[in-house]
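> Once you've had a glance at the structure underneath, I'll fire off some questions.
Bear in mind these aren't lab numbers, they're just calculated from the coordinates by the rules spelled out. For clarity, every value in this text was computed on a predicted model and none was experimentally measured. Note that we place each Cβ from the backbone using ideal geometry, even for glycine, and neighbour counts take in every protein chain shown.
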Amino acid sequence: MTPFNRSIKIAPSILAADFANFGAECAAVEAQGADWVHVDVMDGHFVPNISFGATTCAAIRPHIKGTMDVHLMISPVDAYIANFVDAGADILTAHLEAGPHIHRTLQAIRAHGVKAGVALNPATPAEALTHLLDDIDLICVMTVNPGFGGQSFIASQVEKVRTLRRMLGDRPVHIEIDGGVDPTTAPLVAAAGADVLVAGSAVFRGGSVSEPDGYGRNIARIRAAAEAAREAG
Ligand code: DX5
Ligand code: ZN
């Protein structure tokens with residue numbers, strides 16, 4: 001992983017990719033300018049949808065040159081951490097709402113030498129992280145209810161991003177936005193202090209492995225909109 005910085009990073013979510021062709025899809029978005037690849041794990045219990053698990057992550061890993069950012073929408077988490085570490089995750093993000101002992105979960109992730117992220121559902125306040133700020137490498141602010149791609153951005157979360165940015169001070173912690181990110185919503189969260197923008201439908205729509213330029217155009221549009229908002233702010 002590259003050293004910490006707050007530059008805008010675009011992280012395509014392969015939930016919107018061709019599930020029968022993950023390897024080529026990951027390589028295509030990276031070649032088209034993706035900074036990280038975002039991998040959504042869903043268990044049909046914590047969220048009302050099932051995607052795939054650690055075995056699929058391990059199969060994808062050799063096709064990603066850069067950062068594999070694994071978002072665990074599962075409960076419980078702790079029993080599966082080692083599996084996702086072995087699968088090659090660079091960042092493992094667990095939901096604060098996934099169990100009673102998020103602090104233990106974050107410690108366990110870091111103990112494996114992997115970056116620890118914590119995700120917040122839309123109803124969870126920023127202040128829930130007050131006592132965790134030194135135990136995390138990334139905060140994932142869900143701007144949709146987790147479980148599905150293609151949902152609409154929840155605008156009330158922009159204020160949460162602003163609050164988190166203030167709370168973090170100069171700690172080296174990424175603020176990641178997940179859900180409904182496109183060239184119209186990216187500027188709102190970039191101006192509020194986010195640096196990692198996950199985008200599923202807005203990256204994969206209008207492109208394919210055989211027409212990857214579409215991915216490149218989509219990534220470039222999101223990045224340009226976010227960077228312009230940063231400069232203006
Ligand atoms: C939602 C997932 C997201 C999702 C984003 O539960 O965590 O990563 O794939 O998809 P879009 O960008 O389509 O909202
Ligand atoms: Zn996600």
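> Cut-off is 10 Å between beta-carbons; in what order do Leu132, Leu92, Leu138 appear when sorted fewest neighbours first?
Leu132, Leu138, Leu92
> Ok, one more. Restricting to DSSP H runs of at least four residues, report the calculated mean residue ellipticity at 222 nm for the chain, -39500 (n - 2.57) per run over all residues, nearest 500 deg cm²/dmol.
The per-residue figure over the chain is -9500 deg cm²/dmol.
> Under 4 °C and 1.567 mPa s, how fast does the chain diffuse according to Stokes-Einstein, given a Kirkwood radius computed over C-alpha pairs? Answer in µm²/s, whole number.
Rounded to a whole number, D works out at 75 µm²/s.
> Given an 8 Å cut-off on Cα distances and at least 6 residues of separation, report the relative contact order of the chain as a percent.
20 percent
> Can you sort Ile64, Ile222, Ile177 by how many other beta carbons sit within 10 Å, fewest first?
Lowest to highest Cβ neighbour count: Ile64, Ile222, Ile177.
> Got a sec? How would Ser152, Ser75, Ser13, Ser51 order by Cβ neighbour count within 10 Å, fewest to most?
Listing Ser152, Ser75, Ser13, Ser51 from fewest to most nearby Cβ atoms yields Ser152, Ser75, Ser51, Ser13.
> What nm distance separates the two modelled labels at Ser156 and Arg6, each placed 7 Å from Cα along Cα→Cβ?
Reported label-point gap for Ser156 and Arg6 is 2.7 nm.
> Take the alpha-carbon centre of segment 69-83, take the same for segment 129-163, and report the distance between them in whole Å.
Each part's Cα centre sits 18 Å from the other's.
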